[in-house]
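Let me begin by presenting the structure, written as structure tokens, before commenting on it.
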Amino acid sequence: MDGMTYLTVAYLGMIAGIAIWTWTVVNRSRTIEARLTAVESSMGIIASEADSISKEHKD
Amino acid sequence: MAGRSAEVLLGLGFAGIMTTLLLGFQWAPSVAIDAFESPAAQRIFYWHVPAAWAAFIAFAVLFTGSAMWFFKRSPLGWRLHVAGAEAGLACGLIAVWSGCVWGAAEWGTPWDWTDVRLNTFGLLTLLALFLVLGRQSQPDGVESRDTFSTFGLFGFVLVPFTYIATRIWEIRHPGPVVGAGDDGGSLSGDMAIVLFIGALSFTIFIIGHILISMRITSLEQRLEQALHHIDGGK
């Protein structure tokens, strides 16, 4: 293989990696946000940023 | 709101990364044809070095988050730990992948097990992989968080070790091209500009990813609490 082929393989791999990673993260964020909004509104509870594990074990 | 600003940073960073690629191909000069086995493949460098730089930022975030969780039981610290591990894994894999392809073109082999820089950076990426997979496979609790934070704290030792590796033992990985001390770097002005744009873009991109990852962890915790309420817990 010549240098340009290696270069193309490298960049295509990285572009695919970055695109998949970013799409997965953004999609995950939106899905969880939608689920949480639905659950919290159906229960009528106040949204809290608290981390229960941290609260329970704070020294 | 926080989610939107993270997405804006992701978009800006991605645009900058693609601009770097375009400039690297169209504008940056070629290297001397007799100085490299594969001069064309050298252009991998415009993403390889900024990706490694972004990985170091992510590992610093991982270290800070691990320390904040381990010593202060800080929820912010845990979110930083999770985000740092995920971002470190992604950027580490980009740097390792691009380095392997360049090594195959330039050295005739994708990896050299005797090179300190390659192996310490590979270990760092494996550490991030362990933290990401470990968190997904273990139930969330104070014991598992403590264990992963300990790995995050001690694993950071590899970062300065990786940084100085080519200064002390230049075996196969090229030495520093910027900030090389009195000897100066081997980079021409135009190459340095493209590299700088790449580093800046990857920095913005990784900050966006860290913010969105922290938000996901926070949302997951809230969702878990809400489901706990439904199950009758307090």
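Data table
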read-out: Among the residues listed as B:E86, B:E106, the single one being touching a residue at least 12 places away in the same chain (Cβ under 8 Å), within 11 Å of another protein chain (Cβ to nearest Cβ), within 26 Å of B:A192 (Cα to Cα) and of a type in the set (D, E, K, R); value: B:E106
read-out: Every residue from segment B:82-127 that is of a type in the set (D, E, K, R), closer than 17 Å to B:Y163 by Cα and assigned to a loop (DSSP other than H, G, I, E, B); value: B:D115
read-out: Any hit, segment B:37-46, residues being buried (at least 20 other Cβ atoms within 10 Å of the Cβ), part of a helix (DSSP H, G or I), free of Cβ contacts under 8 Å to residues at least 60 places away in the same chain and not β-branched (V, I, T); value: yes
read-out: Selected residue (criterion: surrounded by the fewest Cβ atoms within 10 Å (Cβ to Cβ)) from residues of segment B:120-150 that are within 14 Å of another protein chain (Cβ to nearest Cβ) and among the polar types (S, T, N, Q); value: B:Q136
read-out: Selection count where residues are more than 9 Å from every other protein chain (Cβ to nearest Cβ) and among the polar types (S, T, N, Q), scope segment B:62-83; value: 2
read-out: Set B:R79, B:R145: member being over 18 Å from the mean Cα position of the chain (by Cα), part of a helix (DSSP H, G or I) and of a type in the set (D, E, K, R); value: B:R145
read-out: Out of B:S30, B:S5, sole residue that is at pLDDT below 80 and of a type in the set (S, T, N, Q); value: B:S30
read-out: Flag for B:A6 being surrounded by 17 or more Cβ atoms within 10 Å (Cβ to Cβ) and touching a Cys at 6+ places or on another chain (Cβ under 8 Å); value: no
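The values are calculated or read from the model by the stated rules, or taken from the named source; none is laboratory data. Given the structure is predicted, the values throughout are model-derived calculations rather than measurements. Because the Cβ atoms are built from the backbone with ideal geometry, glycine has one as well, and the counts that use them run over all protein chains shown.
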